[in-house]
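The values are calculated or read from the model by the stated rules, or taken from the named source; none is laboratory data. Fair warning: this is a prediction, and the values are worked out from it, not measured in the lab. When the accessible area is computed, the model is the full protein with side chains, heavy atoms only, and any ligands, DNA or RNA have been set aside. Shrake-Rupley method; radii C 1.70, N 1.55, O 1.52, S 1.80 Å.
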Amino acid sequence: AREFYESRSQLNLLVAGNQLSKSSTMIRKNIEFACNKNLWTEIWKTTPKTFWYFYPSDSVATHEVLKKWIPEFLPRGAMKNHEWYGWDIQMSSGEVEAIHFRSGVSIYFHTYGQKFTVLQTATVHMISGDEEMPVPLVDELVARLFSTNGIFNTCFTATIGQEVWYH
């Protein structure tokens, strides 16, 4: 988990059994990379603005943000208003849509069920997928990272035998 968290590689996979900190590690990595401006010139050629974080559904994303991200990982107390680490949440129709950090980076939450055409219109600096994502979606998501030399992260317990990850 530490190697995954610290990695600046463009492709990062964390595959392990259930309840071994995979998702927690990826959440912490997203927050740190979104807020720690000292890392940005080491990682990207341009200033990051947009990260995407994928969950299986909107309800899972909302539950995870409200029950895990906010109480366990997002800055709280005086740090909630910090000039880099401060943040606000954006909700739409009762579901989490994004977390906007004062650093200038926003993490937008998406689902694996979205139409590909919805995902073809953005420049993204980091994409993270929690749980096994549909293989056809991987190529489209990686293409969103070409112009930024962005980072693709995914963490999951391998249960459906996706051969794309064996290379």
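Before moving on, here are some points about what is shown:
- Size check on segment 23-101: the Cα extents along the three principal axes, sorted descending, read 35, 28, 23 Å.
- Percentage relative contact order, the chain, counting C-alpha pairs under 8 Å, at least six apart: 30 percent
- Gain on full stretching of the segment that runs from Glu131 to Ala1 - 0.36 nm per residue minus C-alpha separation: 45.3 nm
- Normalised contact order of segment 37-128, rounded percent, pairs of Cα under 8 Å and 6 or more residues apart: 40 percent
- Equivalent ellipsoid dimensions for segment 94-150 as semi-axes, Å, which come from the Cα gyration tensor, largest first: 19, 16, 10
- Taking the Kirkwood radius as Rh and the Cα radius of gyration as Rg, segment 42-149 has a ratio of Rg/Rh equal to 0.97.
- Here the Karplus curve 6.51 cos²θ - 1.76 cosθ + 1.60, taken at θ = phi - 60°, turns the phi angles of segment 61-77 into couplings of 4, 4, 4, 4, 5, 6, 9, 10, 4, 5, x, 9, 10, 5, x, 9, x Hz, with x standing for Gly and Pro.
- Computed with a 1.4 Å probe over protein heavy atoms only, the accessible surface of the chain comes to 51 Å² per residue.
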